[in-house]
Amino acid sequence: MSTAHQFMLGNSKVLGSSSVQPSIAISGSNVVTIYRKSLAVSSELYYRSGNIDSNGVLSLGIQTNVANNTSIHADHGETPSIALNNQGIVVEMHEANGHSNALWTHVGRLDTNNQQIIHWADHQDSQHEGRVPSVALAYYKQNNIVVATFISNSDSTTIYVMTGLIDLTKNQITWYNKSGTFTGGNPKVAVNNNGCIILAYEDQNGILTARSGSLNNTGQGINWNGDFTTINTDSNSGSPSVGISDDNVLVAAYQGLPITDSMITDYHYDFPIKTRYGTVNQSGVVTWGDELYGAGLGKKPVIATNGTVVVSVQETPDTVGITTSNDSQVLVASSTLRTIFTNRNAWMANYRNRTLRQLTIPGAHDAGMSMAQKCTNLADIHAVASTVTQTKNFDDMLLCGIRYFDVRPVWFQPQDVADSIDSVPYTGHFSDQAGGVGCLGMPIADMISQVECFCNQYACEEVIILKFSHYFLEVEKDNAINHIAVDNNDADSAKIFDPLKQKLINTLVSAFGDRLYRKPSTETRRLVDIPLNMIAQYSPKILVVFDNVHMDVLFPLNVDDSVQLSHNTNVRACIFTYGDYYVNDTTPPASKNDYDLVVFDHYSNTSDPKVMTSALAPSDLDHPGQIYQYNQTIYHTNSDLYLLSWTLTQQFTELITGSPSIKTLAAKANACLGDYTQGIIQNNQLASYMPNIIYVDFCDNFVTDICNFVNSCITVQH
């Protein structure tokens, strides 16, 4: 059993509008933030202060100016940074406005009766010049010690670090030992009350680097440790930030790789915020854990922790398009620190006493579409951009923890094959628009062999769900793909697809054999209410579920042939029927009495992240926001499982042009998944209902880790 500490920043809120350059600090349950109010040269500095509870829920006071002195007038400046210690002392440092790079500071104190108020003393010229300062604060050996870092004003590459002592009788800082030890940019510093220091910055090659050190006995100097550690090796990442707690827990946040689109040459960037958990030992050795998505899309994150919860702030991202703009908001997010299971190839075994209904399971949308082949003429123009939805095959997805697979069979009938029953099944990704536009992915035979390989390799209680739906027949004529048949659940399509489904089911039963879960005739519970250990029983088991199959037609029990009856009985014990609980103006909801598994699964049908995440009631139920849908209790209570479809969908013109690509859309959606899911946790919705399946395009370790973070927040009574 492998575990690790992890946090999942999210439940983002607007900290300040018409604002940029935020910073945040935490000590105990107290949290302070600061930001620059506008993009104007004479920008005022504002703060918000408050508390955070053990669930990571923030309560911050109103926006208040950082007073220039005891007057009501706000101080002005750029790139402010804020720090807080357990004595209730607050320090902020900022650049002066305009062409001057003088660094100014304020010392403040939290109001003893109302932590939403900071009492600021007069501002103070630090007598130093520099850019993008970062400040940290410790109560070290009964002194309030400040650690500050900034970039040289002259060469813009030398990183200075210095310490200071606060004189509370004068509310002023005396600075010591400024040294330019490092070369790079965008430095951030953190210090704890034991004197342990962490410096993060972009080195001269753009690599995100961390260095540990410690305050000397007087607190006036720093002893740096010999080793550098890498937070992220890609030079296209940037703006690293670090936080440290008194028990040497480290947190880091930074801009991930920019999201680009190869079809648009002048495409401006969205940055996914990435995070890492880490530790530093008594010798100053830093160890980082796995990377995880942070609080959605944004820029210039700043992070802090008290060892129990994590807080962060960031700017909103630039608007994507030909012209660069920014809506100039700063966001604040938070998370608890939790222990999650990290053995992704066997994570379900850790929850062997739970049922499927009591879990959040990572899933792959359009599984098997890690390649594109045999495309229709229209789809062939931008085959990869408009049909490829994954980079991993089934074996790799299973190894990274994916357990629910959306498989969409498409039978390919070459022009030299006369009968569709002799066609070959593939995975596929097709639209029913324009008569059928799409491509084939991997052969179903490869899917079967890869799932078998995983099951044979790992003796663990994993339950793998293969869900089949969206059936197509692709016919080749005149050396081109110009005919698509779609299963429309009518008599005409049944003539084509019933024999194909029957043959595919027989293939699966024969290939998987005892790996298939066979529901005992004495088992009266629904599939989702049977504990995993009774399904898997110490080895992986496969649940095969088919949408739109009529078992009484394909495998009837009213047959006279005893061999056929035995076969049909066996098939019906291990192939389960699927009902898609989806309500609109014309489609009634699926009934649990008619299917073995009923899942609520409805996508937002949009390429706009704001529409997908909307909580507002839609004017058209075919384009609902995922937050709106999740808040509808009926979708949870009237289905067996609730599937959170976290995918952005190309609209028809985007499908034809290949821009933005599915990969670009997925990068945006996936970056926001943890942010949204943290909102479910902090809003205490898991106590009522939960997302049972979260499925995405381009799935990887991150979706398993997010699901296991959710699973760690759930208390199940047995």
Within region 114-143, considering residues that are free of Cβ contacts under 8 Å to residues at least 40 places away in the same chain and over 40 Å from the mean Cα position of the chain (by Cα), the one most open to solvent (accessible area, probe 1.4 Å): 142
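Test residue 189 against the stated conditions and say whether it is within 16 Å of residue 246 (Cα to Cα), in contact with a Gly (Cβ under 7 Å, 6 or more places away or on another chain), among the aliphatic types (A, V, I, L, M) and part of a strand (DSSP E or B).
Details: within 16 Å of residue 246 (Cα to Cα): yes; in contact with a Gly (Cβ under 7 Å, 6 or more places away or on another chain): no; among the aliphatic types (A, V, I, L, M): yes; part of a strand (DSSP E or B): yes.
Here the answer is no, as residue 189 does not meet what is asked.
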What single numbered condition from (1) open to solvent by 20 Å² or more (accessible area, probe 1.4 Å); (2) touching a residue at least 24 places away in the same chain (Cβ under 8 Å); (3) assigned to a strand (DSSP E or B) fails to hold for residue 223? (2)
Being open to solvent by 60 Å² or more (accessible area, probe 1.4 Å) and either hydrophobic (A, V, I, L, M, F, W, C) or under 30 Å from residue 664 (Cβ atoms) (or both) is the filter here, so list the residues in region 581-607 that pass it. 603
Could you list, in sequence order, all residues of region 301-316 that are modelled with pLDDT under 95 and more than 17 Å from residue 674 (Cα to Cα)? 315
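Hey, could you check region 387-406 for residues that are aliphatic (A, V, I, L, M) and touching a Phe, Trp or Tyr at 6+ places or on another chain (Cβ under 8 Å) and say which is surrounded by the most Cβ atoms within 10 Å (Cβ to Cβ)? Show your work before the answer.
Step one: list which residues in region 387-406 are aliphatic (A, V, I, L, M), which gives 388, 397-399, 402.
Remaining after also requiring touching a Phe, Trp or Tyr at 6+ places or on another chain (Cβ under 8 Å): 397-399.
Numbers: 397: 27, 398: 25, 399: 16.
Taking the candidates together, the pick is 397.
Can you find, within region 374-425, the residue that is nearest to residue 448 (Cα to Cα) among those that are without any contact (Cβ under 8 Å) to a residue 24 or more places away in the chain and acidic (Asp, Glu)? Show your work before the answer.
In the first step, residues of region 374-425 are kept if they are without any contact (Cβ under 8 Å) to a residue 24 or more places away in the chain; the result is 396, 416-419, 422, 424.
Keeping just the survivors that are acidic (Asp, Glu) gives 396, 416, 419, 422.
Details: 396: 13, 416: 26, 419: 24, 422: 19 Å.
Selected residue: 396.
Go through the residues of region 323-332 one by one and say whether even a single one is small (Gly, Ala, Ser) and closer than 17 Å to residue 428 by Cα.
Step one: list which residues in region 323-332 are small (Gly, Ala, Ser), which gives 325, 328.
Checking which are closer than 17 Å to residue 428 by Cα leaves us with none.
No, that holds for no residue.
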Which pairs turn up if I take residues in region 512-534 that are over 25 Å from residue 448 (Cβ atoms) and look for partners that are open to solvent by less than 20 Å² (accessible area, probe 1.4 Å) and among the acidic types (Asp, Glu) with beta carbon separation below 7 Å, at least 6 apart in sequence or on another chain? 526/640; 533/461
On the given criteria, is residue 627 at pLDDT 95 or above and surrounded by 13 or more Cβ atoms within 10 Å (Cβ to Cβ)? no
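Would you confirm, using the coordinates I've provided, whether residue 681 is in contact (Cβ under 8 Å) with a residue 24 or more places away in the chain, out of contact with any strand residue (DSSP E or B) (no Cβ under 6 Å at 6 or more places or on another chain), among the aliphatic types (A, V, I, L, M) and farther than 18 Å from residue 613 by Cβ? Full working, then the answer.
On the way: in contact (Cβ under 8 Å) with a residue 24 or more places away in the chain: yes; out of contact with any strand residue (DSSP E or B) (no Cβ under 6 Å at 6 or more places or on another chain): yes; among the aliphatic types (A, V, I, L, M): yes; farther than 18 Å from residue 613 by Cβ: no.
No; evaluated as a whole, the condition is false for this residue.
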Does any residue of region 489-511 turn out to be touching a strand residue (DSSP E or B) at 6+ places or on another chain (Cβ under 6 Å), farther than 30 Å from residue 346 by Cβ and among the aliphatic types (A, V, I, L, M)? yes
What pairs come out if I take residues in region 637-651 that are more than 27 Å from residue 358 (Cα to Cα) and pair them with residues that are assigned to a loop (DSSP other than H, G, I, E, B) and of a type in the set (Phe, Trp, Tyr) whose C-beta lies under 9 Å away, six or more apart or interchain? 649/603
Checked region 407-423 for anything closer than 24 Å to residue 546 by Cβ and touching a strand residue (DSSP E or B) at 6+ places or on another chain (Cβ under 6 Å); matches are 407, 408, 409, 410, 411, 412, 413, 420, 423
Of the residues that sit in region 333-345 and are open to solvent by 10 Å² or more (accessible area, probe 1.4 Å) and part of a strand (DSSP E or B), which one is nearest to residue 708 (Cα to Cα)? 341
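Could you list all residues from region 1-17 that are part of a strand (DSSP E or B), aliphatic (A, V, I, L, M) and open to solvent by 10 Å² or more (accessible area, probe 1.4 Å)?
4, 14
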I'd like to know if region 491-502 contains one or more residues that are of a type outside the set (Lys, Arg) and closer than 19 Å to residue 573 by Cβ. yes
Would you confirm whether any residue within region 346-359 is surrounded by fewer than 19 Cβ atoms within 10 Å (Cβ to Cβ) and either closer than 22 Å to residue 486 by Cα or among the aliphatic types (A, V, I, L, M) (or both)? yes
Please go through (1) within 29 Å of the chain's Cα centre (by Cα); (2) closer than 15 Å to residue 149 by Cα for residue 182 and return the number of the only condition it doesn't satisfy. (1)
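Hey, among the residues in region 488-508 that are closer than 15 Å to residue 444 by Cβ and among the charged types (D, E, K, R), which one's surrounded by the most Cβ atoms within 10 Å (Cβ to Cβ)?
501
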Against the conditions (1) over 19 Å from residue 64 (Cα atoms); (2) in a loop (DSSP other than H, G, I, E, B), where does residue 112 fall short? Just the number, please. (1)
Would you tally the residues in region 145-172 being open to solvent by 10 Å² or more (accessible area, probe 1.4 Å) and touching a residue at least 40 places away in the same chain (Cβ under 8 Å)? 7
Given 212, 245, which one is buried (at least 20 other Cβ atoms within 10 Å of the Cβ) and either farther than 22 Å from residue 22 by Cβ or not polar (S, T, N, Q) (or both)? 212
Being open to solvent by 40 Å² or more (accessible area, probe 1.4 Å) and at positive phi is the filter here, so list the residues in region 271-311 that pass it. 300
Which condition breaks for residue 20 when tested against (1) touching a Ser or Thr at 6+ places or on another chain (Cβ under 8 Å); (2) surrounded by 15 or more Cβ atoms within 10 Å (Cβ to Cβ); (3) closer than 21 Å to residue 117 by Cα; (4) not polar (S, T, N, Q)? (3)
Odd one out for residue 217 among (1) assigned to a loop (DSSP other than H, G, I, E, B); (2) closer than 24 Å to residue 274 by Cβ; (3) open to solvent by 40 Å² or more (accessible area, probe 1.4 Å): (2)
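The values are calculated or read from the model by the stated rules, or taken from the named source; none is laboratory data. Just so it is clear, the structure is predicted and the values come from calculations on it, not from any experiment. Every residue, glycine among them, receives a Cβ derived from its backbone with ideal geometry; neighbour counts consider all protein chains shown. Heavy atoms of the whole protein, side chains included, go into the accessibility calculation; ligands, DNA and RNA do not. Shrake-Rupley method; radii C 1.70, N 1.55, O 1.52, S 1.80 Å.
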